[in-house]
Structure formats: structure tokens, C-alpha cells
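Following: one structure in C-alpha cells, then a few remarks.
The values are calculated or read from the model by the stated rules, or taken from the named source; none is laboratory data. Since the structure is predicted, the reported quantities are computational estimates derived from the model, not experimental observations. Glycine also receives a Cβ, built like all others from the backbone with ideal geometry; neighbour counts cover every protein chain displayed.
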Amino acid sequence: MSSVLITAVTPSDRRLLDRLTAPLAKSFVVPVNVAFGEPLDGSFAFNLSRNQFSSMAIISKLLERYEDLEGKVLGVTSGDLFVPVLTYVFGEAQLEGKVAVVSYHRLGEDFYGLPADEELLQSRLLKESVHELGHTFGLLHCSNYLCVMHSSTGVEEIDIKTDKLCADCRKKLSER
Amino acid sequence: MIENQKMKPGILIVDDELSVRDSLSKWFKEDGYRVGTAENANRALTLMNEGPWDVILLDIKMPGMDGLELQMRLKEIDRGASIIMVTAFGAVDSAVQALKEGAFDYVTKPVDPEHLTHLVENALRTKKLSDENWRLRQQMSELSGVEEIVGVSLQMKKVVDLARIVAQTDTTVMIRGESGTGKEMVARTIHANSSRRYFPIITVNCGAVPETLLESELFGHEKGAFTGAQYRRKGKFEMAEGGTIFLDEIGTISQKMQVQLLRVIETKQFTRVGGNDLISSDFRVVCATNRNLEAAIADGSFREDLYYRLNVFTISIPPLRERREDIPPLVDHFIKKYATLMNKPAMEINPEAMDLLVRNRWQGNVRELENVIERAMVLAKPPAIRAEDLPFQLSQVQSGSAPTGDSLNEMEKLHIAKILGKFNWNITRSAQALGIDRVTLYSKISRYGLKKP
């Protein structure tokens, strides 16, 4: 059986990571742990011209760092992530692969000029974490708008969906 | 699994930058799309040929061949694919050019993920609608397709071939043949195979419309143009806009009408009766006649200039008696047709009856044969049509292939006169006794010049 290791990619708040372990373990029915030791310094992935972090570079580095680890790796950062052709991404994952990365840069209410809401931020981060890890388990986007695998390009869509896999996605996950 | 892959919409990403191809490819794979990537124009063209791809994301700046030219080449392979141009910031001019040349939309790098998702969804929705539209047009075309011309003879195969060939052009066609040979069916075949098929085919039987009404029938009239013209009415030429006008029995129109017709066919413009406005209409002319127009020109009853205007491409349909090998398949066709219409089981035809049918002179050609089969289908008892179910017997039919001149005509004329006399010229009862319909009887009375005593 697989496992999930959550690792901080600076800049990152460790407290948020700790609160992800239990719900993620419940979602994928696998052991989930937060990595001990120094977090990964994300500065190597910073792109000066875009003022953002390259999610692809972070994924490559995590793959290298956890080469010998069995199971999945989830990097969590507060840095704003991008892929070359898109203005931003909430996260990125290797489809049916090992590594995923999520950013909570755009998940907080303060990013949109509203008062900070830590509960809401935590709930959005959990949904995006389940979503990206779902991809590493081979799940694709789901048309059920309540399913956590539903594609979201804005926080409004994240807030509509639940942090649970729908019955179809659960079935697909169990068949893998 | 492979079948599922085929069902998924396909997105082809054409970009020379690996990171762009990779990130877009990943993005769309997570959405469950079938994704292909090409790093240059040649690879894009190869993948396009292996397609189909529903949406193509095409970088406008590529080494070798630029995106605009590649767009053109991709469209040549699949006109239906939606192309979304991906441009660098500030390349709006080329993007506008791409739109003018048929791109679905364009995006500027880097693109907002939400925008990209909606754009691709819209492109797919539009493509689905246009595919559906195409499919429905095909279906409509099949459903509204004309009745098939039945015939195994070389002469009829040639007629069908000529009709299909001329259909591709806008050439005026004259169809010649005896009454009942299927001139209107050939006209409909031409229309159905032409690019005008989604527009109407309007039939005008010039011989059936009284001379005084023909002008308003063809050109329409304004309100108050003549007594009884209470409303403005469109004429047949106006109704045929975009389609075909079939002028049947063209040989019967008056000299005055011939002049007007010539002008309309040449200019495609006319005025309604009682009106002043010049109306233009885009129509194709197909006409038909069973008259010897050359003789009519010689005796001055048909204008030579109109003849040459109409007689650009002629299709001659041979009479049924000159292609007897077509009779058995026609008989089968009509038996099936009337079995369906009358909700009866399909019937056989016994050899004796078929022999009679093949040897008959068929003055009224295929129309007469159809009437005979319809009548036989009413009378015959399953499982087969017998000779007794036919309205003529062996003695009345010409023997073998030796033509007997007008003897059958003469017999028909005498027999009709006898029956009319018997029923005191009651047309309905006489037609019933003769086994033909009233219209046919009227035409025979007129053809044989029979007069009520």
C-alpha cells in the first residue's frame, strides 16, 4: 500500500501542513506524514520576470530529493505558482506519478482584499491537496461539481465543491 | 479503454517551446482530453493527417512556417477543426489576421487558466453544433432525396449519369421524352444532386396553367394588378430563389410568354404583374417538353432564340417500349411501392402476367405502367398478380417485338369511344370501367380527338 509524505516548500507555514494529515489519510486510506527536518527552499524555482515560482521546477526538485521514497509526495508552499503558458496555477501534479505541489498563495481571502479567514484557507488548501494527490493516483477531472476532483480555476469553484471524492472517483481509486 | 480514448475530444498543441507543450498537455490530460503535441509545422501536419483533432492550439510564431500559413494548411486537412491561436503579448495584429482567416479565437501568453478552460469548452461546443448541423443536413438530404430512377438499360444508365454530371453545374437543362417517361423525376434528380439542393425546386406545368394566368403564376402580382388580385403574391421565379425552377411542357407556351421568359432567363430579373420594382432571383432552369420543338420553330410557333437559350444541355429519355429490359425492375419497384402504400404483403407476379407487361406497347410509358400495377395491386389476390388482373389481354398486346404501327392506338381509341358511349359520356363511370383515372381518360379523349355526339 502507498503512503503520502507532505513536505513544506518555503515560503510555507508548517501549522497548515499538520492539519492536512488526518483528512488526507481518510480520503486516500493511506498513512500520511509531514516530513521532518528542513523544508525545501523554494527560491531556486523563483522566476524574476514573472515574480512567481515554477511548479515544474519544484516538482523536479522534489522528485530528486525523494528519489528513494516509496509513495507519494505533496509539496505545500505559499509561493505563487505558474506554468509557462498560464498566468497561475493552484497546484500541479504528475498524473499517475509520484509528486504533486499545491500553493495557498491565492487561497486566502486576504489575496482578494477581504479579511483573512484561516478556517476557509485551511478548507481550500485541503480540497486542492486532495485534488492534486488525486491526480497522482490517476484520477482525472470530474464533471460532478461537488466532487473534489472537479476542476477549479477560481476560489469560488473551490468553495462550491466538497473535500470528498464522489462515488465514481472513489470507485476508480479503489480499482487502481 | 481504446474505445474510450476515441470518444474523448482531441486537442492538438502546436508550439516550439517544450515547456509550453508540456504544461498545456498536462493541463488538458487532467481534464480527460486526448492530447497530441507537435514541436513544428511538419509534425503538426503529420498528426493532423492522423487526426481527427477537435481543437488545435497553435503558436503564431514558429520557426520554419509561421502560424498563419500553418493554420491554412491545417484547415485544408480538416475544415471543421477549431483553431485557437496562441500569441505572445503584443502580437495582436497577427492574431486579428488569424481570426480573419478562420481561427476560432486567440489567447495571449500567459493565459488565465479560467479563460483557457472556457475558451476550449466554447470551441468544442461550437464544433459539436456545427458537426451536428452537418449530420442533420446529410440526414435531411437523404430523407428528402428523390425517388430513385429505376432502370437497368444502358439508355437509362446514361440518362442518370448525364443528370448527375450536369447537376454539378448551373447549366440550363432541357429534358425531352414522351409523356410519362419520368422527365420530372430526372429534373428532381438534377436538383437533388446540385449545390442548390437545400433550396426549393419549383415546378410549373406550363401546359396546365391557362395562358392568362401563367404570367402572374411565374412572375407574381401586386395587389390590385387585376380583378381578383386581392393580395400581393410571389411568382414561381421568386419562390425558386437559390434553387431550381422546373418548367414542364415548355413547348406549350404562347409567343408573348416566350419573349418574357427569354428575357427573365437571360437577366434573372423581372417585375411582378402590376408592379414597377425590378426583382432579382437566383435560379437554375430545367425545362421539359414532349413536343418536337424543331418542328415548332419551323412552323413559327416556337421562338428560335428561346430554343437556343433553353437547349444548352439536352437529356433525352427513351420511351419504355425502346427499353423493355427496364420493365421487370420497374414492375418490382411499383409492386413494392404499392404494397407499402396499401399496407399489403409484397406480391409476386406470375410469368404470364409479366410476359404481357413486357410485350405491351406502353403508349403512356412508365406512368401508364405504374397505373396498371396500382390497379393490379387492388384487384389481385395474394400471393401473385395474374394476367387476369391486368387491364389488357394477350390479344390486345402487340406480338413479339414487331411493331404494329398505330393499331393499338386505334384499338384504344375505339374501345374508349365504345365505353364512353356505353356510359353516355359519364367520365367517372367510364374511367372506372376502363380502369384508369379521370385525368388519364380526359387526356386520352383529347389525344384521340373524341367528341361527345
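At a glance:
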| quantity | calculated |
| --- | --- |
| Test: residue in the range B:82-100 that is without any contact (Cβ under 8 Å) to a residue 60 or more places away in the chain, away from chain A (no Cβ under 14 Å) and assigned to a loop (DSSP other than H, G, I, E, B) | yes |
| Any hit, the range B:2-16, residues being within 14 Å of chain A (Cβ to nearest Cβ), over 23 Å from A:L140 (Cα atoms) and either modelled with pLDDT under 85 or in contact with a Lys or Arg (Cβ under 7 Å, 6 or more places away or on another chain) (or both) | yes |
| Segments classed as strands (runs of 3 or more DSSP E), wholly inside the range B:231-339, with at least 2 members that are crowded, with 19+ Cβ neighbours inside 10 Å | B:244-248, B:284-289, B:313-317 |
| Pick from the range A:126-140, criterion facing chain B (nearest Cβ under 10 Å) and in a helix (DSSP H, G or I), ranking: farthest from A:L20 (Cα to Cα) | A:H135 |
| Some residue of the range A:145-157 being among the acidic types (D, E), more than 15 Å from the chain's Cα centre (by Cα), more than 11 Å from chain B (Cβ to nearest Cβ) and loosely packed, with under 15 Cβ neighbours inside 10 Å | no |
| Residue that is at pLDDT 85 or above and on the phi > 0 side of the Ramachandran plot, where the choices are B:G242, B:G228, B:G224 | B:G242 |
| Only listed residue being at positive phi, at pLDDT below 95 and touching a strand residue (DSSP E or B) at 6+ places or on another chain (Cβ under 7 Å), chosen from A:G79, A:G71, A:G42 | A:G71 |
| Close pairs from the range B:108-120: first over 17 Å from B:R21 (Cβ atoms) and more than 7 Å from chain A (Cβ to nearest Cβ), partner among the β-branched types (V, I, T) and buried (at least 20 other Cβ atoms within 10 Å of the Cβ), Cβ under 7 Å, at least 6 apart | B:T108/B:T87; B:L119/B:I84 |
| Residue that is away from chain A (no Cβ under 14 Å) and either in a loop (DSSP other than H, G, I, E, B) or within 18 Å of the chain's Cα centre (by Cα) (or both), where the choices are B:L129, B:L162 | B:L162 |
| Which listed residue, of B:T37, B:T46, is of a type in the set (S, T, N, Q) and at pLDDT below 90 | B:T46 |
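So that you can scan it fast, the table gives a plain yes or no per residue for (1) touching a residue at least 60 places away in the same chain (Cβ under 8 Å); (2) among the charged types (D, E, K, R); (3) buried (at least 18 other Cβ atoms within 10 Å of the Cβ):
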residue	(1), (2), (3)
A:K72	yes, yes, yes
A:F82	no, no, yes
A:E92	no, yes, yes
A:E96	no, yes, no
A:L139	no, no, yes
A:T162	no, no, no
